[in-house]
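Shown next, in structure tokens, is the structure this report addresses.
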Amino acid sequence: MAQLINGKQLSAQVLAQVAEDVQQLTAERGVCPGLAVVLVGEDPASQVYVRNKVRSATTAGIRSIEHRLEASTDQQTLNALVAQLNNDPEVHGILVQLPLPPQLDEAQIIAAINPEKDVDGFHPLNVGALASAQPGLVPCTPLGCMIMLQQAHDDLSGKHAVVIGRSNIVGKPMAALLLQASCTVTTVHSRSKNIEAICRQADILVAAVGRPEMVNADWVKPGATVIDVGINAIERDGARKLVGDVDFAAVEPVAGAITPVPGGVGPMTIACLMKNTLTAARRQLSVSNLAVAVRHA
Ligand code: GUN
């Protein structure tokens, strides 16, 4: 039987710590961290994510400001909103929910966000900071996965970590964080050969591809730690169900530790967004960062 890494419980701990630190910041500096969440259009999954983010912000004592724009919004309008949020001293974190409607250029919008307010960690400056082990803001899902891994391992050093998937949001930053933790890191993706055999060598297996129950027992070394980033809605026996990228029932008896779906990585992502908002607010308030704040004003 594998150890279950409980994301629901762990995320509540992270959120409670953030709430305590937010209170302290407010008491000491008279400032409440503010998170602006921008949602363009009516994608149902995005609406659920945004609702959960706003709810967790409330739990953490973070002021959240929601901006909902029509699906037909043009680049200029979205850029103007981002510029306004960049210049608003009460907004410490900006999150533009992805995906954006096709007429909008995601890369350009991400690059327009003040990197100090980029709580998603998607801005090229933050991507570069992570790649070169400099301080910056780290994408929420990989950050949450690292906290979960620390639950199962005292030391990650020297472990072989295999990441399935090479997305900018999860796969690439996840590999960078594992490398920083001194793992031997392999990334496999849709064009990789012998994926199954490579995965079977992993001490740590992170699945982030968006393919329902792709990873089965044959892919997993006995005793390995399995982190399932996938959240896939499927229909089974006439009912809608959420499953991960890992076939949980098949893999759980083989793994040493495993995250469930739901209740695994999902809640950790949102808790880490609040952690990042607090980090961003602290940095923006620190005197040493005044020059940077002025430069972005
Ligand atoms: N869409 C799916 N995941 C994410 C995320 O982590 N951040 C944003 N902004 N959009 C997403």
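Bear in mind these aren't lab numbers, they're just calculated from the coordinates by the rules spelled out. Predicted model, so just to flag it, every value in this text is computed and none were measured. Every residue, glycine among them, receives a Cβ derived from its backbone with ideal geometry; neighbour counts consider all protein chains shown.
Set the Förster distance to 22 Å, then compute FRET efficiency between Asn87 and Cys32 from the Cβ-Cβ distance, nearest 0.05. Between Asn87 and Cys32 the formula returns 0.75. Mind giving me the FRET efficiency for Ser72 and Ala19? R0 is 22 Å, r the Cβ-Cβ distance, nearest 0.05 is fine. The computed FRET efficiency comes out at 0.05.
Taking every DSSP beta bridge that has both ends in the chain, the antiparallel portion is near 15%. With each label modelled as a point 7 angstrom along the Cα→C-beta vector, the Ala239-Ala111 pair spans 4.8 nm. Partners of Lys221 within straight-line reach, counting lysines whose Cα lies under 21 Å from its Cα and excluding those fewer than 8 residues away in the same chain: Lys159, Lys193.
Long hydrophobic helices in the chain: the complete DSSP H runs spanning 15 Å or more by Cα along their own axis with mean Kyte-Doolittle hydropathy of at least -1.0 are 7-29, 44-60, 75-86, 140-152, 265-285. Charges were assigned to the Cβ only: +1 to each Lys and Arg, -1 to each Asp and Glu. The resulting dipole of the chain about its Cα centre is roughly 280 debye. Across the options Pro253, Val138, Ser182, the greatest Cα extent toward the positive end of the charge dipole of the chain (unit charges at beta carbon of Lys, Arg, Asp, Glu) belongs to Ser182. When exposed loop sites are taken as GluC sites (Glu not before Pro) in a DSSP loop with at most 11 other Cβ atoms within 10 Å, the longest stretch of the chain clear of them is 71-297. Remark: the Asp155-Arg200 segment gains 14.1 nm on full extension, using 0.36 nm per residue and subtracting the alpha carbon distance. Of all trypsin sites (Lys or Arg not before Pro) in segment 159-265, which ones are in loop regions per DSSP and have a Cβ with at most 13 other Cβ atoms within 10 Å? In loop regions of segment 159-265 (DSSP not H, G, I, E or B), the sparsely surrounded trypsin sites (Lys or Arg not before Pro) are Arg191, Lys193. Within a straight-line Cα-Cα reach of under 12 Å, Lys117 can be paired with the following aspartates and glutamates, leaving aside sequence neighbours fewer than 8 residues apart in one chain: Asp88, Glu90. Placing unit charges on the Cβ atoms only, positive for Lys and Arg and negative for Asp and Glu, gives segment 172-253 a dipole magnitude near 320 debye about its Cα centre.
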